[in-house]
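Since the structure comes first, as structure tokens, the remarks are kept for the end.
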Amino acid sequence: MIDSLAWAVRRRLHSVTRTARRGVTRADAVALLLTVAAAVVAVLVATRLFPYHTPNHDEAVYLQQAAMLLDGRLFLDPPVAESFRPWFFVRAEDGSLYSKYAPVPAAMFAVGTLLGGPRLALGGIAAAVVVLTHLTVREAFDARHGAVAAGFLLASPLFVVQSGVFLPYAATTVWNLLFAFAYLRADRTGSIPWAAVAGVAVGVAFFSRPYTATLFAAPFVAHAVWRIGNWGAVGSLGSHASAVADGVDRDALDRNFVTAVLGCAGVTGALVYNWGLTGDPLVFPYAAFAPADGLGFGRREILGYEVVYTPGLAIEANARVLAALLSDWVAGGPVGSLLAAVGLGLVAARAAGQGGADSRRLALAGLALSIPLGNVLFWGNLNVLGTLETPGDGLISLLGPYYHFDVLVPAAAFAAHALIVGGGRLTALVRGRVPSERRSAALLAAVAVVSAATFAVPAATAMGEPVERNAAVTEAYAEAYEPFEERSFDDALVFLPTPYGDWLNHPFQPLRNDPGYDGDAVYALRENQFAVVDAFPDRSLYRYTYRGTWAPSAGATVEPRLQRVRHVSGDGVRMDAAVGIPTDAQSVSVRLDSANGSALFAANGTPDSLPLSLIVADGRATLDGPVSPVGDDTSVPVRGRETLELEVYVSTGGTAAFSYWLDVPVLVEGDGARALTPYAEVCTTPRLCGGEAAYVPRTAGEGVSADLELTTANGSAPDGLASNG
């Protein structure tokens, strides 16, 4: 009995293996190799080209959201609300924070973290996009077309760049392609299970990016209507007979009903998610963040940036985006786009001559229409261009036309068709003119020459430019984050600058908080600093500053500084400063400002170093040193939480001058006072003061220096923590 059972199992396994071998073609094997290559490319791009992420700061939003999901959270509960708001997070009525984006891409990135690192998810997503492109195109054409299409996709700069970033476009395409493949397979085989897979996939895609999924699904919905109406019954199911009654294909109706029901379940899931976050199932989180940031024409606005998005502006912007896509971001650039157009024309011509025989291919071709037309209604395609009058200044120059990422699918499919048809005709030409003994070598040489001349060179050129641009940005990031690379933290609290407003992770994406604010380092804004210090009383304090303009996308670099910060408190606090005075200085003046008054002083001469002492006690700030008051005020009142501003203006003759700006965070409460180590800047132009003129000791000019020490008013530093500059 056991022997008979074992024999039956072996026979069955042998049959399955033999069937699998028959079903897997050489083209499928090539596609598998391309899939592995895509995963490797994605990880390399993510780690080598984008180790600090890209200028699109949405990456940090998804990574923050992924960490939250792994922690079982949909909301962040920061200890000090105004000091811990991440980029693109919405503040709920109870003060908690939630992401403006749907959680599907973040969940996919979280899977990578569980496997060993979030960048592993990028490899998996890239591999899935390539293999699903192969499978989808194989369903519409054949395995050879699928393999060539997969190669075309892998060679497209838009795919390569997007494969290595934590953005939702490739991630959503995985679900869109799974839907397309499952739908076409169900249409070919009559399979209800595959129809169910298609429904689940399109539902998840809708949850991920509703409008993107809608545009992708539209041609297949039209095809489904065609099938149900029995207009394309000829050749639709092969050997599977259709149950046709009253002009309706019942098999197609059943299949697509399953797809629609499960797809609607995904829509329902998205609405329930909205309800849980925004309190209204019809208000998506992105609309709660910026109600005027939506589809259509008219006034569009987000975070103070506003534009009237007219049809004319929409058409102009989208025309430029499409031109960039077709010329720079598909494999082979214009040559690849031309191949896709030729392939599409061949399919359209065949369909016109044979009725509905090519309706499945036309459904795939419909993506080349639905996605560009639908994007006209989305003003993000204007924003990705930057300023229309200044070509190359928007994110499109670095990351490509990512809202049109799904257009790569029909481009790859129909470029593959053109290549295969053209290859067939080239083979026929060689066979007719070259003797048989030299035919293989001649054919190989012809293919190599044609490929190099028409495709390989343009492909390499198209790929090289965005890689070079992004590499330059990464170099700027590497300099900016150098202080963090040089040390590790253990229970640290780091205050960050705000070049783009009061947001965390905008622009400093690698400097993210754990959802529970319990990581080795906690990052905070400058708002309400004493409350932040009180919320983390046992952490070492640091401040990240830099000198220069923060503009990595424009090739600008900064000189960074990670400064140790001291926190002192007592009956009074004292800040001692010694600032360097260059030998060519002609005069030095000092100004002390609080929210409630100011005092002016003139230095007694121009010494090599000017020592000053700022004492905060009894509700006043007093300046002491070799200076004389100009006017009646020798001190300024201080009340509550303030930032005292001490400016030392050094004139070197004519219009040449510079200033030391020392901003001292203080808090006067009851009979005591508290202070943090001052922010120190050396300003050669007022435009750069206030965040971009940090004093960096190793780059100070001749005679320029600032030594600072923070103590209590009697000169002691609690716990021996004397501040340095």
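Derivation of every value follows stated rules applied to the coordinates shown; laboratory data play no part. For clarity, every value in this text was computed on a predicted model and none was experimentally measured. Using ideal geometry, Cβ is built from the backbone for each residue, glycine included, and neighbour counts are taken over all protein chains shown.
Which value, in debye to the nearest 20, gives the size of the charge dipole of the chain about its Cα centre, when Lys and Arg are +1 and Asp and Glu are -1 at the Cβ?
5100 debye
For a label point 7 Å from the Cα of Thr498 along Cα→C-beta, name the residues of the stretch 66-100 whose backbone N is under 18 Å from it.
The answer is 78-92, 95-98, whose backbone nitrogens lie closer than 18 Å to the label point.
Which value in deg cm²/dmol, rounded to the nearest 500, describes the helix-derived mean residue ellipticity at 222 nm for the chain, given -39,500 (n - 2.57) per DSSP H run of n ≥ 4 and division by the residue count?
-15000 deg cm²/dmol
With charges set only on the Cβ (+1 for Lys and Arg, -1 for Asp and Glu), what does the dipole of the stretch 482-561 come to about its Cα centre, in debye to the nearest 20? Working shown, then result.
Details: 7 positive and 13 negative charges, 77 e Å.
The dipole of the stretch 482-561 has a size of about 380 debye.
Given an 8 Å cut-off on Cα distances and at least 6 residues of separation, report the relative contact order of the stretch 599-670 as a percent. Before the final figure, lay out the partial values.
Details: 110 pairs, mean separation 19.3, N = 72.
Dividing the mean separation by the residue count of the stretch 599-670 yields 27 percent.
Starting from 0.36 nm per residue, how many nanometres of slack lie between Glu301 and Val272 once their C-alpha separation is accounted for?
Additional length available on full extension: 7.8 nm.
Along Cα→Cβ, 7 Å out, is where each label goes; now give me the distance between the ones at Glu669 and Glu93 in nm to one decimal.
Computed distance between label sites Glu669 and Glu93 equals 3.0 nm.
Between Asp393 and Ile192, how high is the FRET efficiency from 1/(1 + (r/R0)^6) when r is the Cβ-Cβ distance and R₀ = 41 Å? Nearest 0.05.
Computed FRET efficiency for Asp393 and Ile192: 0.20.
Residues with amide H under 5 Å of Arg566's amide H, sequence separation 5 or more or different chain, H placed in the peptide plane at 1.01 Å from N; which?
Thr677
How would you classify the stretch 44-115 from its alpha-carbon gyration tensor, with a ≥ b ≥ c the square roots of the eigenvalues: rounded for a/c under 1.5, else prolate if a/b is greater than b/c, otherwise oblate?
Here the stretch 44-115 falls in the prolate category.
How would Thr655, Thr35, Thr498 line up from fewest to most surrounding beta-carbon atoms within 10 angstrom?
Thr655, Thr498, Thr35
For the residues Glu559, Glu647, Glu681, what sequence is obtained by ranking on other C-beta atoms within 10 Å, fewest first?
Fewest-to-most Cβ neighbours within 10 Å comes out as Glu559, Glu647, Glu681.
About its Cα centre, how strong a charge dipole does the stretch 566-716 have in debye, to the nearest 20, once Lys and Arg get +1 and Asp and Glu get -1 at the Cβ?
220 debye
If amide H atoms are built 1.01 Å from N in the plane of the peptide, which residues on other chains or at least 5 residues away come under 5 Å of the amide H of Ala657?
Thr652
Taking amide H atoms as placed 1.01 Å from N in the peptide plane, list the residues 5 or more away in sequence, or in a different chain, whose amide H sits under 5 Å from that of Val90.
Under 5 Å from the amide H of Val90 lie the amide H atoms of Tyr98, Ser99, Lys100, each far enough along the sequence or on another chain.
Please flag any cysteine in the chain that has no other cysteine's Cβ under 4.7 angstrom from its own Cβ.
Within the chain, the cysteines lacking a partner Cβ under 4.7 Å are Cys264.
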